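Input: a single structure, listed below in structure tokens.
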Amino acid sequence: MLQTERLLSEAGHDVVPFAMSDDGNDPSEWSDYFVPARHYFEGSTVRRVGDSLAVIYSLDARRRLRGLLRAARPDVAHLHNVYHQLSLSIVDELRSARIPIVMTLHDYKAACPNYHLLTHDGLCQRCVGGAYWNAVRHRCLKGSVAGSAIAAVEAYVNRIRKQYAKVDLFLAPSTFLRDVMVRAGLPPNRIEVLRNAVPAAARPRPVPAHPRFVYFGRLSAEKGVDAILDASAEISAGIDLTVFGTGPLEDDLRRRVEREGLAVQLKGFVSREVLEDELTTTTAALLPSKCYENCPMSLLEAGALGVPTIASDIGGIPELVTSGVDGLLVPVGDGRALAEAVNRLAAAPALVASLGEAAHRRVSEQHDEARYAEALLAYYVRVLDARRPRVAS
């Protein structure tokens, strides 16, 4: 979302944000209209109930957006991750103001109450098509019956009210996500694939002399970081495995590394600038996701520097990686296969160079920011033209 704001501003367009209030937000002249943050499991019972109901439909978000629309008078609304804090109630306010709506689908929320198509027993598509009660049965939202029930009710309300039918155009970062959304009931003629963009380095980084493999991202169950720990015992001596990031599994991963004496370095959170420096000395990035990734930025950011990725062969990842050409694909959750791929690249610097050059070329050609902005503006014009009244000839 912030990248889109930057690209549009650089092209001379006025961008008006509407978001949740947070101390980490960038300063904005529009922040007085932002929705106060909600904390669903904190405070009094009355507050928790009120916040839970606002997940399903937020009258406060509608009211605040109404004020912003009157002040800013935008031509198009572009929605990113509006669930929970804003809710799809804002779609009704935008429709009432006759403002065309574009929505980027960053995840599977329109088909799956817990976003990921993943539950305690693995990959899951039980809810696709509307059987959201499965989310409660399997406690899909953080293992909580109450949280899962709220998410299921939210999904049913949005389906009954046809909230997604009120969106003029959806943008999907992968063909895989688009196909899931079509099966979930979204209109196929209103879903376009627009993959994420990233600025690429002028040339690929040189292949490092010492073999080093890096994971960077959120430390959560769906990211499959435990597969890196599983693989570490079968990785050849002298190969460095480093994990950057933080998340709910960080403490568990640290305890396991210490308990089993695993040769994995957990570095925690680092800034983007530090991470970019680290990637320049990386043989390959690791993305052992257990979920159906769409168009993961970590894969693109590595490729932008000429770093190939060893990644799971599911979701939208195979749309970004041709195994043996610009990276390697391994079966999801297979620590042994991941170890074999790491050992293979560690012993073949010429292959690493070839994969890295191809990854850099792919990102430069297919994920260019200027082309992304041009496509985005064309979609805005499309929804605006569709709303204009037709003049009989």
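The values are calculated or read from the model by the stated rules, or taken from the named source; none is laboratory data. This structure is a prediction, so every number in the text was calculated from the model and none was measured. Glycine also receives a Cβ, built like all others from the backbone with ideal geometry; neighbour counts cover every protein chain displayed.
For segment 348-358, a residue qualifies if it is in a helix (DSSP H, G or I) and without any contact (Cβ under 8 Å) to a residue 60 or more places away in the chain, and the qualifying residues are 350, 351, 354, 358.
Can you find a residue that is in contact (Cβ under 8 Å) with a residue 24 or more places away in the chain and touching a strand residue (DSSP E or B) at 6+ places or on another chain (Cβ under 9 Å) anywhere in segment 149-164? Taking every residue of segment 149-164 in turn, at least one turns out to be in contact (Cβ under 8 Å) with a residue 24 or more places away in the chain and touching a strand residue (DSSP E or B) at 6+ places or on another chain (Cβ under 9 Å).
Return the residue satisfying two criteria in turn: it lies in segment 169-196 and is assigned to a loop (DSSP other than H, G, I, E, B) and in contact with a Leu (Cβ under 9 Å, 6 or more places away or on another chain), and of such residues it is nearest to residue 1 (Cα to Cα). Selected residue: 196. So in segment 83-109, with the set limited to residues that are at pLDDT 95 or above, of a type in the set (A, V, I, L, M, F, W, C) and in a loop (DSSP other than H, G, I, E, B), which one is nearest to the chain's Cα centre (by Cα)? If we take residues in segment 83-109 being at pLDDT 95 or above, of a type in the set (A, V, I, L, M, F, W, C) and in a loop (DSSP other than H, G, I, E, B), then 105 is nearest to the chain's Cα centre (by Cα). Remark: residue 117 falls outside the filter, which requires a residue to be more than 23 Å from residue 293 (Cβ to Cβ) and buried (at least 22 other Cβ atoms within 10 Å of the Cβ).
Consider residue 302 carefully, then state whether it is touching a residue at least 40 places away in the same chain (Cβ under 8 Å), in a helix (DSSP H, G or I) and buried (at least 24 other Cβ atoms within 10 Å of the Cβ). So residue 302 fits the description; yes.
Within segment 317-344, residues that are among the basic types (Lys, Arg) have Cβ atoms under 8 Å from residues that are part of a strand (DSSP E or B) in these pairs: 344/328, counting only partners at least 6 apart in sequence or on another chain. Please work out if residue 38 is outside any helix (DSSP H, G or I), modelled with pLDDT under 90 and surrounded by 14 or more Cβ atoms within 10 Å (Cβ to Cβ). Judged against the criteria, residue 38 is a match. So, of the residues in segment 110-137 that are part of a loop (DSSP other than H, G, I, E, B) and among the aromatic types (Phe, Trp, Tyr), which turns out to be nearest to residue 190 (Cα to Cα)? The residue in question is 115.
For segment 218-228, how many residues meet the condition of being closer than 20 Å to residue 282 by Cβ and in contact (Cβ under 8 Å) with a residue 40 or more places away in the chain? Within segment 218-228, residues that are closer than 20 Å to residue 282 by Cβ and in contact (Cβ under 8 Å) with a residue 40 or more places away in the chain number 5. Are any residues in segment 108-162 in contact with a Ser or Thr (Cβ under 6 Å, 6 or more places away or on another chain) and hydrophobic (A, V, I, L, M, F, W, C), and if so, which ones? Answer for segment 108-162, where residues must be in contact with a Ser or Thr (Cβ under 6 Å, 6 or more places away or on another chain) and hydrophobic (A, V, I, L, M, F, W, C): 135, 136, 140, 141, 150. Check segment 165-172 and report whether any residue there is surrounded by fewer than 19 Cβ atoms within 10 Å (Cβ to Cβ), over 19 Å from the mean Cα position of the chain (by Cα) and small (Gly, Ala, Ser). Taking every residue of segment 165-172 in turn, at least one turns out to be surrounded by fewer than 19 Cβ atoms within 10 Å (Cβ to Cβ), over 19 Å from the mean Cα position of the chain (by Cα) and small (Gly, Ala, Ser).
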